[in-house]
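These notes concern the structure reproduced below.
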Amino acid sequence: MKIFICVKQVPGVSEVKINPKTNTLVREGILSILNPNDRNAIEIALTLKEKYTAEVIALSMGPPQAEEVLRETLAMGADKAYLLTDRAFAGADTLATSYTLALAIKKILSESDPEEKYLVICGAQAVDGDTGQVPPELAEELEIPQVAYVLNVELKENKLIAERKFRAVEIVVIETKLPALISVLNDINEPRYPSMAGIMKAHNLEIVHLDTADLNADPSKIGLNGSSTEVWKIFVPKRKGDRIILRGTIEEVVQKLCQNLKDDKVL
């Protein structure tokens, strides 16, 4: 069985910078990190690997420096890593990204046993775009079922049994046949830290690069050409209003706060 994990390199800052001309994130000169929610996806993949016989394969799309997050994934315990990198992939929205990732997964599967089952695991969303659209779009490209907002997962024969968060406090148990795709929440587990042995091993492992030609990608479906999203303007909202500091005893502060909320017609 193969378990694919899709990871992303994102800006490691609390406040992103926007290029006003291109309406894209400024990534040059900014520390990049592994998307936090993807760590949870890696952890569940490794947990399943330890419990069942499986090969964990990490995928990422980005510039050559995105190798860093794949090295980290290998250090945590992934078996193989593929970087989809080509200038033609630049500017991709979630639709073009999903198409490209799907091509890579299909290529890897075509080189293995066609009867082998597989599972794709994604973080629910990335901290830079925060759309949560790639997992369902990737499942659609692969023509496999998807379960979102997963809190727990088990494999039984050729079936996936997942506990899915539904509304605020409800949990729904969903069962589906493999292959399938799941997107996981950040409270599904506590991601492990790479061991020293894992870091040393990851340093020596090869990361396979795949470009447009390797994937036999349709130029009209990748990068900007394949992106249906048109960004008119993106900006960081300016903070408005002054902060009010309430002083006094707990009782006095509570009374002042309630009065302020009433005056502002919040209560």
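What follows is calculated from the coordinates using simple rules that are stated; it is not laboratory data. Please read these numbers as outputs of a predicted model, since none were measured by experiment. Don't worry about glycine lacking a Cβ; one is built from the backbone with ideal geometry, like all the others, and counts go over all protein chains shown.
Some observations on this one:
- Here the mean projected area of the convex hull built on the C-alpha positions of the chain is 19.1 nm².
- Cross-link partners of Lys238 among lysines, defined as those whose alpha carbon lies under 18 angstrom from its own and excluding same-chain residues fewer than eight positions apart: Lys17.
- On Cα atoms only, tilt of 94-110 relative to the major axis of the chain in degrees: 30
- Top positive-direction residue, dipole computed over region 199-267 with Cβ charges, set Leu246, Ile199, Leu224: Leu246
- Cross-link pairs beyond the 22 Å C-alpha cut-off, checked among Lys8/Lys117; Lys106/Lys221; Lys80/Lys165; Lys240/Lys265: Lys8/Lys117; Lys80/Lys165
- Set of aspartates and glutamates near Lys51 by C-alpha distance (under 12 Å), chain-local residues within fewer than 8 positions excluded: Glu154
- Tilt relative to the chain, helix 36-51 - C-alpha long axis, 0 to 90 degrees, to 10: 40
- Computed from the Cβ-Cβ distance with R0 of 22 Å, the FRET efficiency linking Ile234 to Ala90 stands at 0.85.
- Separation between Cα centres of region 78-102 and region 229-265, rounded to whole Å: 41
- The GluC sites (Glu not before Pro) found in region 153-248 that occupy coil by DSSP, while having at most 13 further C-beta atoms within 10 Å, are Glu157, Glu206, Glu230.
- Excluding exposed DSSP-loop chymotrypsin sites (Phe, Trp or Tyr not before Pro) (at most 12 other C-beta within 10 Å), longest clean stretch of the chain: 1-231
- All aspartates and glutamates inside 13 Å of Lys256 as judged from Cα atoms, apart from same-chain residues fewer than 8 positions distant: Asp264
- Relative to the dominant Cα principal axis of the chain, helix 67-76 is inclined by about 80°.
- Under the convention that each Lys and Arg Cβ holds +1 and each Asp and Glu Cβ holds -1, the size of the dipole of the chain around its Cα centre is about 900 debye.
- 10 Å Cβ shell holding at most 11 others, DSSP loop, trypsin sites (Lys or Arg not before Pro): longest site-free stretch of the chain: 22-166
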